[in-house]
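Below is one structure, written out as structure tokens, with a few remarks after it.
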Amino acid sequence: MLRIIVRRIFILIPMLVLLSMISFLIIQLPPGDYLDTYVLNLRNQGLLVDEAEIDRLTARYGLGKPLHMQYFRWMRNFLVNGDLGRSFGSYGSSYNNKPVTDIIAERLPATMIISIVSTIVVWAISIPIGIYSATHQYSLMDYISTFVGFIGLALPNFLFAIIIMWIVFAQTGHAVTGLFSLEYRHVPWSVAKVIDMLKNIWVPVLVLATAGTAGLIRVMRANLLDELNKQYVVTARAKGLSERRLLWKYPVRIAFNPIFSTIGWLLPAIVGGEALVSIILNLQTIGPVLLTAVLRQDMYLAGSIIMILSTLTLIGTLISDIALVWLDPRIRFD
Amino acid sequence: MAQDEHRAVELKMTSVDADDSLSNMSRGKLIRRRFLRHRLARLGLSVLIILYLMAICADFIAPYQAGTRLKGFKDMGPSPIHFGGDSGFQPFVYARERGFHPKTFREIYTENEDEPHMIHFFVRGESYKVLGLFELDWHLFGVSEDANITLFGTDIVGRDIFSRTVIAARVSLFIGLGGVAISFVLGCLIGGISGYFGGIIDELIQRVIDLLIAIPTLPLWMVLSAAIPRTWSVEGTYFAITVVLSIVGWTGLARVVRGKLLSLRDLDFVIASRLSGGSDLYVITRHLLPNFASHLIVSLTLAIPGMILGETALSFIGLGMQEPGVSWGVLLQDTMNFGALVHQPWKLIPGVFIVVTVLMFNFVGDGLRDAADPYSL
């Protein structure tokens, strides 16, 4: 057990280094750099481009240097000072020249709240329904949950968000955008603000949780069905074990395995799925910032967000692998 | 009581004996039989065949070309289709005239009920190219030039949404197949190597896959699509997006292949075959492949809708297909303004096609999974 953990952590280190390189590199993939986009925008607006200004910006961001030098400078600053560089201002002027760490810190709470609440909702709904569907296969509830699950899988998140907004707008005449009502948007946290958030958070949570619930019900149902057909279940039943104990003792435990093994992927899945939904619902999360940063090659901002997300995912995968080894003796003794 | 049970067992046995053709069926036949008994899967397959036929014959089915603007008819609702009157059962439409709402100045279209315009089938209309080789101008249906027929209404510049949806199906439906084809090759090859040889090679490949999965999908797709030059032709962009989608897609398949191989590798019959002198290639093709081929097909079927949704999301945010190319995601860009949807809900119709397609693929995938499971009968 300990050996496995130490070995995996040992492998994690070179992977994290590789990941930081990939994060930095993929931002450079599109042709040109941020300044090219910047100059193009100015020209499109019919403005004159000041060559000296361009040179000054190039020097400030170190854009003239070769790629590996840029990367090493970025990494050194991060490891020594915890400084991830500054935003080029791709996401509105208020973020212009703002430290990337500040932007992430500002956007992280809303992202985490939405992710955690949606995950809890997904699990709370889909695990019981999945177990019920598997044990009552081909019952009315099974058909209903399967059907709802299928719709959840087939409806793209962003389309679902638009449809909800459209329906609410058509019925009540006001748009459900943002996580907070206007009066609470720029005030510090308080009880009233939390209550206000709860009034608005249901839309993104509903949208994000629907897709997740649909997937998880299917996984849970399929896994449990596989287990229930196995011989040890038949044996246990033949020996007179009560149905309830029979179900909970092993099959449900084993059916949980794939859920644990994918906990690590939850975060990138939610941030990825959330990005489009957040743009439509105007939420102050990381997703929309990441999208514009990637598009306009705001390289330190985009690179840092991708690196942090990927790092969290890798660590999450590690934790879920360890959890699996701990939970499932078959893997442990292999 | 005991006697009843005994008789039930006996009955069951005789029924198995009576249906002895079942035990003589080949594995392929058994799978086909089980698949066809799955009602939803049958429905899914039929609908998908219809959708793909529609996509192939798109230019013929669509009354207009994707870029044709009906001048003076922007944001117009679906054409009401009338039956009866003097014409008997032949359906007809009325020509519509544009007016404005007195207060909001939004367009209002009223039907001019003086003269019905018959809907004719197999008519000549706008010409289109078949396979880029020869020109045709036959269309499934159409009305005379004095009126127009817009089954799903028109968009903000007066293009017929029905025609655009049908033509966009070509991109949206085939991108999934193309992406899965590329993922399939990569996934089988890399996953196969990883699972069959194990050891360090396996470890290395698994970590690379972990790395790829750790990068959030949407941003990765976005960066890669942003790297596609805007100057490329519609076909070039289309191919590039397919490749982009499969770069992420192969990892899942590789994991499936590897997992299956690992669990099969140490089973007695495989070890026996190897001990009796079977070569690697022989063991893989004769024993391993047949055992997980069905599983692979299921995974492939279920991977297609993911790719369709991926293309839709990319096109929706403007990184996928570009005008004049159309895909369902491009069409849905018009729904961004949800305020306008209150007055023009027909702009959501392309979304219905996405949902139905993905749904049907899932039905078929589920049916295949059940059919391929040797324990279900």
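The numbers here are math on the coordinates, done by the rules we state, and not lab data. Model, not experiment: these values are computed from the prediction. A quick note on method: Cβ atoms are made from the backbone with ideal geometry, for glycine too, and the neighbour counts reach across all protein chains shown.
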- prompt: Taking a ≥ b ≥ c as the square roots of the eigenvalues of the Cα gyration tensor of the protein assembly as shown, is the shape rounded (a/c under 1.5), prolate (a/b larger than b/c) or oblate?
  reply: oblate
- prompt: Roughly how many debye, to the nearest 20, is the charge dipole of chain A about its Cα centre, given +1 on each Lys and Arg Cβ, -1 on each Asp and Glu Cβ, and no other charges?
  reply: 1240 debye
field: Listed residues B:Thr357, B:Gln90, B:Gln344: farthest to the positive end of the dipole of the protein assembly as shown (Cβ charges)
entry: B:Thr357
- line: Taking B:194-202, A:229-237 and ranking on average Cβ neighbours within 10 Å, highest first, one gets B:194-202, A:229-237
- prompt: Non-local amide H neighbours of B:Ile119 (under 5 Å, H modeled in plane, Pro and chain starts lacking H): which ones?
  reply: B:Phe92, B:Val93
- prompt: 222 nm [θ] for chain B, helices only, -39500 (n - 2.57) per DSSP H run of 4+, per residue, to 500?
  reply: -19500 deg cm²/dmol
query: In deg cm²/dmol and to the nearest 500, what is the mean residue ellipticity at 222 nm of chain A if only DSSP H runs of at least 4 residues count, each as -39500 (n - 2.57), divided by the residue total?
result: -26000 deg cm²/dmol
statement: Length gained, A:Ile315-A:Gln137, 0.36 nm per residue minus C-alpha separation, equals 60.4 nm
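In what sequence do B:Cys188, B:Cys57 fall when counting other Cβ within 10 Å, fewest first? Working shown, then result.
Values: B:Cys188 17, B:Cys57 14.
Taking fewest neighbouring Cβ atoms as first place, the list is B:Cys57, B:Cys188.
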- prompt: If one computes the Cα centroid of the range B:315-377 and of the range A:235-256, what distance in Å separates the two points?
  reply: 40 Å
task: For chain B, set up a Gaussian network in which alpha carbons nearer than 10 Å are linked by springs, and say which option among B:Phe121, B:Phe162, B:Phe35 fluctuates the most.
output: B:Phe121
Magnitude of the charge dipole, the range B:172-330, Cβ model with Lys/Arg +1 and Asp/Glu -1, debye to 20: 180 debye
task: For chain B, with a Gaussian network of springs between Cα atoms less than 10 Å apart, report the residue from B:Gly277, B:Gly72, B:Gly158 with the top mean-square fluctuation.
output: B:Gly277
statement: Scattering profile of chain A from the Debye formula, Cα beads only, expressed as log10 I(q)/I(0) at q = 0.15 Å⁻¹, is -1.29
field: 25 Å Cα-Cα reach of A:Lys98 towards lysines, excluding residues that sit fewer than 8 places from it in its own chain
entry: A:Lys65
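Taking the mean number of other Cβ atoms within 10 Å as a proxy for protection, how do you rank A:19-29, A:44-54, B:228-238 from highest to lowest? Write down the numbers at each step before the final one.
Working: A:19-29: 19.0, A:44-54: 9.5, B:228-238: 13.2.
Top to bottom by mean Cβ count within 10 Å: A:19-29, B:228-238, A:44-54.
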- prompt: Hey, if you put +1 on the Cβ of every Lys and Arg and -1 on every Asp and Glu Cβ in chain B, which of B:Val326, B:Leu140, B:Thr231 ends up farthest toward the positive end of that dipole?
  reply: B:Thr231
message: If you average the alpha carbon positions of the range A:5-48 and of the range A:180-230, how far apart do those two centres end up, in angstrom?
response: 31 Å
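Compute, for the protein assembly as shown, the length of the dipole vector about the Cα centre, with Cβ point charges of +1 (Lys, Arg) and -1 (Asp, Glu) only. Units Debye, rounded to 20. Walk me through the numbers on the way to the answer.
Details: 59 positive and 55 negative charges, 451 e Å.
I would put it at about 2160 debye.
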query: Cα axis of helix B:234-265 to longest principal axis of chain B: angle in degrees, 0 to 90, nearest 10?
result: 20 degrees
statement: When the charge dipole of the range A:63-124 is computed with +1 at the Cβ of Lys and Arg and -1 at the Cβ of Asp and Glu, the Cα pointing farthest to the positive end, of A:Ser94, A:Leu67, A:Ala105, is that of A:Leu67
message: Only Cα pairs within less than 10 Å get springs; with that Gaussian network setup on chain A, which residue of A:Ile263, A:Ile308, A:Ile144 has the largest fluctuation?
response: A:Ile144
